[in-house]
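Engineer: Sharing a structure, written as structure tokens. Questions coming.
The values are calculated or read from the model by the stated rules, or taken from the named source; none is laboratory data. Computed from a predicted model, the values in this text were never measured in an experiment. When we count neighbours, we look across all protein chains shown, and the Cβ atoms used for this are built from the backbone with ideal geometry, even at glycine.
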Amino acid sequence: MLRGLYNWTIRLSAHKNAHWALAAVSFAESSFFPVPPDVMLVPLTVARPDRAWFYAAVCTVSSVLGALLGYAIGYLLYDTIGHWLMSLYGYTDKVEEFRALYAKWGAWIILIKGLTPIPYKIVTIASGFAGYNLFWFVVLSIITRGARFFIVAGILNRYGNPLKEFIDENLGLVAILFVGLIVAGFLIARYVI
């Protein structure tokens, strides 16, 4: 199944609308979806290193737009949808603490957590809930998400062919490492935030 999904994503990279699927995943991840866009960004960029920068830009723009939805959920709908999403991911007991941290360290929280495997939706919803300045939230989201996706794209653009060969030969190991990073991100967010 994993090999089939990987091959499907590689084939998708040849499709003229691959960037729309990448944009949808990146948008959703910043507001409610648990799967990071890297599951599409990496195979698409490995298959098409010549489009690395374009894919990074798609991820950045879509992620920031999704972050605005996450912010709106936290700001306008926290008592309903926001609380439900935070409890779904197990973060409701940390939200008040996170809100207090925003008063002092808001910009650094957004910048640092936007670069890590910690789910960005936690940052976006909490930013809205904490009433963080919307202008600076957008600016910092562009910086941190852009840096994250352009660093990945740069590495894949530079080492795309050797990485593709490595992934093709060791897909199981790569998948385990990737899932481990995602789980680590959730655990860090759960116990550190």
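Engineer: Take the conditions modelled with pLDDT under 90, under 29 Å from Leu134 (Cβ atoms) and more than 17 Å from the chain's Cα centre (by Cα) and apply them to Leu5. Does it pass?
Structural biologist: When the stated conditions are applied, Leu5 does not pass them.
Engineer: Also: Filter region 132-149 for residues that are surrounded by fewer than 18 Cβ atoms within 10 Å (Cβ to Cβ) and in contact (Cβ under 8 Å) with a residue 60 or more places away in the chain; which is farthest from Ile118 (Cα to Cα)?
Structural biologist: Selected residue: Leu134.
Engineer: With respect to Leu41, determine if the residue is touching a Cys at 6+ places or on another chain (Cβ under 6 Å), within 28 Å of Ala18 (Cβ to Cβ) and surrounded by 16 or more Cβ atoms within 10 Å (Cβ to Cβ).
Structural biologist: Spelling it out, Leu41 is indeed touching a Cys at 6+ places or on another chain (Cβ under 6 Å), within 28 Å of Ala18 (Cβ to Cβ) and surrounded by 16 or more Cβ atoms within 10 Å (Cβ to Cβ).
Engineer: Taking Ala56 as the residue in question, decide whether it is at pLDDT below 85 and buried (at least 16 other Cβ atoms within 10 Å of the Cβ).
Structural biologist: Considered against the rule, which asks whether it is at pLDDT below 85 and buried (at least 16 other Cβ atoms within 10 Å of the Cβ), Ala56 comes out as no.
Engineer: Also: Of all residues in region 114-129, which are assigned to a helix (DSSP H, G or I) and surrounded by fewer than 23 Cβ atoms within 10 Å (Cβ to Cβ)?
Structural biologist: Of everything in region 114-129, just one residue is assigned to a helix (DSSP H, G or I) and surrounded by fewer than 23 Cβ atoms within 10 Å (Cβ to Cβ), namely Leu115.
Engineer: Scan Ile151, Ile142, Ile109 and give me the residue that is closer than 25 Å to Trp84 by Cβ, of a type in the set (Val, Ile, Thr) and in a helix (DSSP H, G or I).
Structural biologist: The conditions single out Ile109.
Engineer: Let me ask something else. From the list Tyr159, Tyr120, which one is under 30 Å from Asp50 (Cβ atoms) and touching an Asp or Glu at 6+ places or on another chain (Cβ under 9 Å)?
Structural biologist: Tyr120
Engineer: In the set Leu68, Leu22, which member is of a type outside the set (Phe, Trp, Tyr), crowded, with 22+ Cβ neighbours inside 10 Å and either at pLDDT 80 or above or outside any loop (DSSP other than H, G, I, E, B) (or both)?
Structural biologist: Testing whether each residue is of a type outside the set (Phe, Trp, Tyr), crowded, with 22+ Cβ neighbours inside 10 Å and either at pLDDT 80 or above or outside any loop (DSSP other than H, G, I, E, B) (or both) leaves just Leu22.
Engineer: Right, next: Does any residue in region 47-63 that is touching a residue at least 24 places away in the same chain (Cβ under 8 Å) come within less than 9 Å, Cβ to Cβ, of a residue that is surrounded by fewer than 19 Cβ atoms within 10 Å (Cβ to Cβ) and among the acidic types (Asp, Glu) six or more places away or on a different chain, and which pairs are these?
Structural biologist: Every condition considered, no pair remains.
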